[in-house]
Amino acid sequence: MPKKLFIRTYGCQMNVYDSARMADVLAPLGYAPAASPEEADMVIVNTCHIRERASEKTFSELGRLRDIKEEKDGKVILAVAGCVAQAEGAEIMARAPFVDIVLGPQTYHRLPEMVARAERGAAVAKVGWKAQPGLGILDTEFPIESKFDHLPAPDTVHGVTAFLAIQEGCDKFCTFCVVPYTRGAEFSRPADKILEEARRLVALGARELTLLGQNVNAYHGEGPDGSTWTLAKLSYALADIPGLERIRYTTSHPRDMGDDLIAAHGALPQLMPFLHLPVQSGSDRILQMMNRQHTGDDYRRIVDKLKAVRPDLALSSDFIVGFPGESDVDFAATMRLVRDITFPQAFSFKYSPRPGTPASLSDHQLPEELKDARLAELNDLLRAQNAAFNRESVGRVLPVLFERPGKHDGQMMGRSPYLQPVHVQGGLDLVGSIRMVRIDREHAYSLTGSFYDESAEASSLSSPQPRVTA
Ligand code: 5AD
Ligand code: SF4
């Protein structure tokens, strides 16, 4: 009987990617995916430490898993991976002794060895795992060898879109953020390894790749020619791969939005005109206290330059409200920036003090009620901008990449360049293809449309010309 593995993933897309790689690395040991933790022989909780709430989820999830483990007489291997494991490994071992393995994001390639050791532990466990102290394995090192060199290449693609990690870690040290501590120093994978993985993913059916990294546009990997490649250079090489229709990248930093990358947005149709570019705040004073190393105007200038080369570009962003010392004037500057630039999509957070970060030590922490009020105000504005963008999409003709059947019979679901779900009547043969769709209606979370036939449209002089976006 094959063994079964269940992975619960919290947090960012990098964690989603890491979870898939952990499944790949355990497949040779006979682990197949399980539908629930109850039916699994091994459960991995891949954790997120970015905000307090995310971190708390780890311990409540572990409580539930302890019950499952007890019901199965301890015959389940429990592993905690990700950034909480990295930051609080020893505490997890102490607070949750029923956990067998604690591993940080840099040691996934060593998982088979850890599992083999834990399986031996589990053999002992059959005669009473609770009585066996010290069985846990803790590996939260930052090893010299790169995990990327030791992880197997992906051999399945779920759907037509795939993630590809090209960079990891961060050297920016924003004063609110744990990432530089949990993910470590910035590291870029060599370009040829990335291109090889991209070709493989495309051969497996991917039509869209999202390049991942905590600071993805700081990418500075070694090129095949020995020179250092930027994200722009890498994007040109990726765009040459036949069958790769769409390229996205996330998460980027305004400081690393180089002119070559901005120019690439104008030159490469494969680079989608939808960019996640976190700004965090509109106040220069707060941006400085956050150590973001840019001003609100720097951000506006970058957006102007991007729109100059790609007028249909839309932005998504991250915002933090209630950073220590944020005044009404600072918050008003954030609201102004949002109104000026407009964000069809955005993620907004209440500042959450993270252990070990400089901002958590500030004496100017704001009361929760004030943070709540500001978050609500910002969210109202962002929701309105999102709704307006969807409303304005009606009547536009957009290229849609079809992914899977929709909820209703005979309906297919695809995504616009702006990641909006678009439903169209059609068959399964559409999966993986990009078709021009005229958006007819907007709904709460999606759009519906119909195929747009350019030749028919050209001959029907009476119909108004829809706006076409490439
Ligand atoms: N408090 C609130 N939000 C945070 N983020 C990162 N650290 C914190 C924190 N301490 C947000 C930032 C970042 C996103 C991934 O999470 O907006 O861009
Ligand atoms: Fe965190 Fe700042 Fe690095 Fe982003 S750039 S991962 S917010 S430290």
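If packing is taken as the average count of other Cβ atoms within 10 Å, what order do 326-333, 163-170, 202-209 fall into, highest mean first?
Packing proxy ranking, top to bottom: 163-170, 202-209, 326-333.
Could you order the peptides 357-370, 18-31 from most to least packed, using the average number of other C-beta atoms within 10 Å per residue?
By packing density, highest mean first, the sequence is 18-31, 357-370.
If you put +1 on each Lys and Arg Cβ and -1 on each Asp and Glu Cβ, how big is the dipole of region 147-391 around its Cα centre, in Debye rounded to 20? Kindly include the intermediate steps, with their values, before the conclusion.
On the way: 27 positive and 32 negative charges, 78 e Å.
For this selection, approximately 380 debye.
Unpartnered cysteines of the chain (Cβ-Cβ under 4.7 Å counts as a partner)?
So, 12, 48, 83, 170.
Return the whole-Å distance between the Cα centroid of region 390-455 and the Cα centroid of region 189-254.
Between the Cα centres of region 390-455 and region 189-254 lies a distance of 27 Å.
Which value at 222 nm does the chain reach when only helices count, each DSSP H run of 4 or more adding -39,500 (n - 2.57), with the total divided by all residues and rounded to the nearest 500 deg cm²/dmol?
The helix contribution divided over the chain gives -11000 deg cm²/dmol.
Between residue 256 and residue 284, what is the FRET efficiency for a Förster distance of 30 Å, r being their Cβ-Cβ separation, to the nearest 0.05?
0.95
Treating the beta-carbon of each Lys and Arg as +1 and of each Asp and Glu as -1, no other charges, what is the dipole magnitude of region 184-286 about its Cα centre, to the nearest 20 debye?
Dipole about the Cα centre, nearest 20: 300 debye.
Rounded to whole Å, give me the distance from the Cα center of region 4-46 to that of region 341-356.
Taking the Cα centre of each part, region 4-46 and region 341-356 sit 28 Å apart.
Here are some pairs, 3/57; 172/193; 233/307; which of them have Cα atoms lying more than 23 Å apart in this structure?
Check vs 23 Å cut-off fails for 3/57; 172/193.
Please arrange 14, 114 by how many other C-beta atoms lie within 10 Å of their C-beta, fewest to most. List each step's numbers first, then the result.
Values: 14 25, 114 20.
Ranked by crowding around the Cβ, least crowded first: 114, 14.
What distance in nm lies between label points placed 7 Å from Cα along the C-beta direction at residue 29 and residue 236?
For the pair residue 29/residue 236, the computed spacing is 4.4 nm.
Take the Cβ-Cβ distance between residue 146 and residue 347 as r, set R0 to 35 Å, and report the resulting FRET efficiency rounded to the nearest 0.05.
Between residue 146 and residue 347 the formula returns 0.75.
Using a Förster distance of 45 Å, how high is the FRET efficiency between residue 308 and residue 380, based on the Cβ-Cβ distance and rounded to 0.05?
The value I calculate is 0.90.
Over region 1-103, what is the relative contact order in whole percent, taking alpha-carbon pairs under 8 Å and six or more residues apart?
Taking the mean separation of contacting Cα pairs over the length of region 1-103, I get 27 percent.
No lab work stands behind these numbers, since they all come straight from the coordinates. None of these values were measured; they are calculated from a predicted model. We place every Cβ from the backbone using ideal geometry, glycine too, and count neighbours over all the protein chains shown.
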